[in-house]
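Worksheet for the structure shown next.
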Amino acid sequence: MTFFADILAATFRNATPLVYGTVGETYTERAGILNLGIEGTMYAGAFFGFAVAYHTGNPWLGLLGAIIVGLIAGALMALLTVTLGANQHVSGLGLTIVLIGLSEFANRLMFSGGTLASIEKMPLWDPLASLKGGEGLGAQVAAIANQYGLTYVAFFLVVPIAWWVLMKTPLGLSIRAVGENPEAADVAGINVFRIRYVALMIGGAFMAVGGAFITLAMLGTFTLDIIAGRGWVVIALVIFGRWRIFRGVFGALVFAAVYSLGLRLHITPGFEGIPNEIMLALPYVIVILALALSGRNVPYPGAYLKPYRRS
Amino acid sequence: MAENRLGRAGIIALGAIVTILAVTGGAFVIAGANPLDAYYAYFVAPLTREFTLLEVLNKATPILFTGTAVAIAFRAGYWNIGVEGQLLMGAVAAAGIGQVVGGWPPLLVLPLMIAAGALAGAAWALVPALLRVRLGIDEVVTTLLLNPVALLVVQALLHGPWKDPETGFPESPRIAEAAEFPPLSDFIPLIGKSRLHLGFVIAIVLIVIAWYVLSRTGTGLRVRAVGLSPHGARFAGIKVERTLLRVALVSGAIAGVAGVSEVAGIQFRLTEGVSPGFGYTGIVVAMLGGLTMPGVLMAGLLLGDLSVGASSAVRSLQIPSQMGDVVQGTLLLVVIGAVAIYRWRTSREDERPPDEGEPLPDEPAGQPPSETSPT
């Protein structure tokens, strides 16, 4: 029983960066822009969030720093793909290379001392603390509910609000319109360029928060290769979710569940013989399998990958 | 009008150079170095002495392979971003064979290793390629996701069966002498002692072959036609799916040979750091080279130069070596931005339809089945 509670608790924790990333990437792709800069944006959010928190001693200022970095990264992607109409695949990969390079460059300049710099992690929120103790169901639920504040924010605020904005508000309608049919959106009086900038910047901010969650809450420190392909996983989750936020979040939970199960089995008696690497590779393989099974006939946004020019 | 265009190209190029200098110069100043000294150290100094010049060619070797692999795939509109993983598989194959061929004649071992590495790279490229041509699954995602998996395969081997029994480090045992790529100084007496090895010659030969095939044969024409317009190519009777599948496998095979070259020519064993992102740098090389083979050659040499410069500037100017990646990425972003502006302006002038402002293969990778399923 504690076994499942442990895994469920870890699932929500490990899903959190993916959930922020999925919300962010869904916004950019719904506006017609594939943002492969996500891996670098998460990386820069993780590093600069940590750096600000370290120097100010305040993790919330770190979070703000990450958001600003994400907005800048999104604006840069917009400059390349919206204003200049450059190829989206290459712009995104180039952005990732630049942002990872800049983060590691700044890391060398700021933290070149021998010891690993660390901060006090964001506190866990324990809403059901009174139920703790013993082996009963209440204690298990309390253990699962013991999460970082940003995890609660992700699942109970960001996901529903992001869904509501995208599906039920004029801004969301504009985002979907410029991603589906920019010519028609333009005729209807929507500023295609401005809306794509907005979508990319909102998306960049969420991606950066996803990265910052890892340094500010989960680890309390920054290490190289900290994102480790999570951004690429998100790209797959968005397709798996067919550009719907709730489906994408469901995919993130499944991925995180498999990931958490693998990590847990590694330290479970009877499973020591299985190399850790197989456990770590399993979630990627499952994502590819899921895409292979469900990725046929996916409804790509109509203007996906297409730069818009007013002629 | 031609003059007008030339003038515009000049203005855009000037703007691009100013942007690159402003961004990278700012970073150099932050790192506490004089930008002029830094540019000299990064780009000129490596070319001034024979030893460093040979090291430039050496550093260019892996990215000439990966740049070629990427360029071939992108030309066909196949977004193979999994070159990194395919390279690692080639390295695994080379290290595996290299461990068991002690005492064999090198003339047998070296071709065997290259073939095995090419096969391993192609095998790693096969699944995403099949998913793309059979089911229409976006290869961008699947090739990307297989990169971390390939690294995990390497780590599993190095922490498991291949862990060096003597040192206990996560490194495979040293490969047999017969499996080592000989240094070029062994058979070209003119050049000095250096790490430059057979892999460089293979890379150059591959680039020449790829140039010939792409620009001078029917196969190359079909590849380019598929990249420019899959619909048009299909109308012209080209088997689009078969072309894409073959391009993907060739791209993966070349990436695999890059892995062989690193193991057999530089590391002499498999290590976790056998590729510090050569697959991704290959994308930069391919794009800076305009997806043409002469371009790949020049861009690969330029980035080799930059790589040697960045590592020597760590000591001479105390600039962190990561600055090399920043310069590289900035070059890429500014160049593709500048090219996009130029093409847009030029196409407006010619009153072509606006969607031709982006002539790169750019249709959604995972296509509706009506376009990708065999007809």
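FYI, it's all coordinate maths here, none of it is from the lab. All values derive from a computational prediction rather than experimental measurement. Every residue, glycine among them, receives a Cβ derived from its backbone with ideal geometry; neighbour counts consider all protein chains shown.
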Provide, for q = 0.10, 0.11, 0.12, 0.13 Å⁻¹, the log10 of I(q)/I(0) from a solvent-free Debye sum over equal Cα point scatterers in chain A. -0.57, -0.69, -0.81, -0.94
Using a cut-off of 21 Å between alpha-carbon atoms, which lysines can reach B:LYS193, once sequence neighbours fewer than 8 places away in the same chain are excluded? B:LYS59
Total charge dipole magnitude, chain B, about the Cα centre, Cβ charges on Lys, Arg, Asp, Glu only, Debye to nearest 20: 600 debye
What area, in nm² and to one decimal, does the C-alpha convex hull of the range B:72-148 cast on average over all directions? 5.6 nm²
I need to check one value: relative contact order of the range A:87-220, counting alpha carbon pairs closer than 8 Å and at least 6 residues apart, in percent. 23 percent
The range A:97-172 - convex hull of the alpha-carbon atoms, volume per residue in Å³: 195 Å³
Ratio of alpha-carbon Rg to the 2.2 N^0.38 Å globular estimate for the range A:168-311, to two decimals, please. 1.32
Counting all C-alpha pairs of the protein assembly as shown, share separated by more than 39 Å (%): 32 percent
On average, how much area does the Cα convex hull of the range A:166-233 cover when viewed from any direction, in nm²? 6.0 nm²
Roughly how many debye, to the nearest 20, is the charge dipole of the protein assembly as shown about its Cα centre, given +1 on each Lys and Arg Cβ, -1 on each Asp and Glu Cβ, and no other charges? 1260 debye
Protection-proxy order for peptides B:183-191, B:127-135, B:253-261, B:143-151, each taking the mean of Cβ atoms within 10 Å per residue, highest first: B:253-261, B:143-151, B:127-135, B:183-191
Partner lysines whose C-alpha sits under 28 Å from that of A:LYS132, ignoring same-chain residues fewer than 8 away, are A:LYS121
Please compute the Cα-Cα pair-distance distribution of the range B:1-109 with 5 Å bins starting at 0, giving whole percents from short to long. 2, 9, 9, 9, 11, 17, 17, 11, 5, 4, 4, 2, 1, 0
Per-residue average of Cβ from other chains inside 10 Å of A:78-90: 6
When a/c is below 1.5 the answer is rounded, else prolate if a/b is larger than b/c, else oblate, so apply that to chain B with a ≥ b ≥ c taken from the square roots of the Cα gyration tensor eigenvalues. oblate
Relative contact order of the range B:183-305, please, whole-number percent, based on alpha carbon pairs below 8 angstrom and at least 6 residues apart. 18 percent
Report, by chain and number, residues whose modeled amide H sits under 5 Å from the one on A:TRP125, excluding near sequence neighbours (fewer than 5 apart, same chain). A:GLN147, A:TYR148, A:GLY149
Of B:LEU47, B:LEU288, B:ALA91, which is farthest along the charge dipole of chain B in the positive direction, counting Lys and Arg as +1 and Asp and Glu as -1 at C-beta? B:LEU288
Surrounding charge for A:LEU79, neighbours by C-beta under 15 angstrom, Lys/Arg +1, Asp/Glu -1, total +2
Counting other chain Cβ atoms within 10 Å of each Cβ in A:286-295 and taking the mean gives 4
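Averaging sequence separations of C-alpha pairs under 8 Å and six or more residues apart, then dividing by the length of chain B, give the relative contact order as a whole percent.
So the answer I get is 33 percent.
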The range B:281-344: percent of C-alpha pairs farther apart than 13 Å? 64 percent
State whether the range A:271-310 is rounded, prolate or oblate according to the following rule on the C-alpha gyration tensor (a ≥ b ≥ c being the square roots of its eigenvalues): a/c under 1.5 gives rounded; otherwise a/b larger than b/c gives prolate, and the remaining case gives oblate. oblate
When the expected Rg is taken as 2.2 N^0.38 Å, what fraction or multiple of it is the alpha-carbon Rg of the range B:245-324? 1.25
The range A:18-42 and the range B:268-296: distance between their alpha carbon centers, rounded to Å: 25 Å
Measure off 7 Å from each Cα along the Cα-to-Cβ vector at A:ARG264 and B:ASP37, then give the distance between these two points in nanometres to one decimal. 5.6 nm
How large is the convex hull of the C-alpha atoms of the range A:212-262 per residue, in Å³? 90 Å³
Rounded if a/c is under 1.5, else prolate if a/b is larger than b/c, else oblate: which is the range A:40-118, with a ≥ b ≥ c the root eigenvalues of its Cα gyration tensor? oblate
With the calculation restricted to Cα positions, what are the radius of gyration and Dmax of the range B:86-200 in angstrom? 17.2, 54
Partner shielding of B:285-291, as the mean number of partner chain Cβ atoms within 10 Å, equals 1
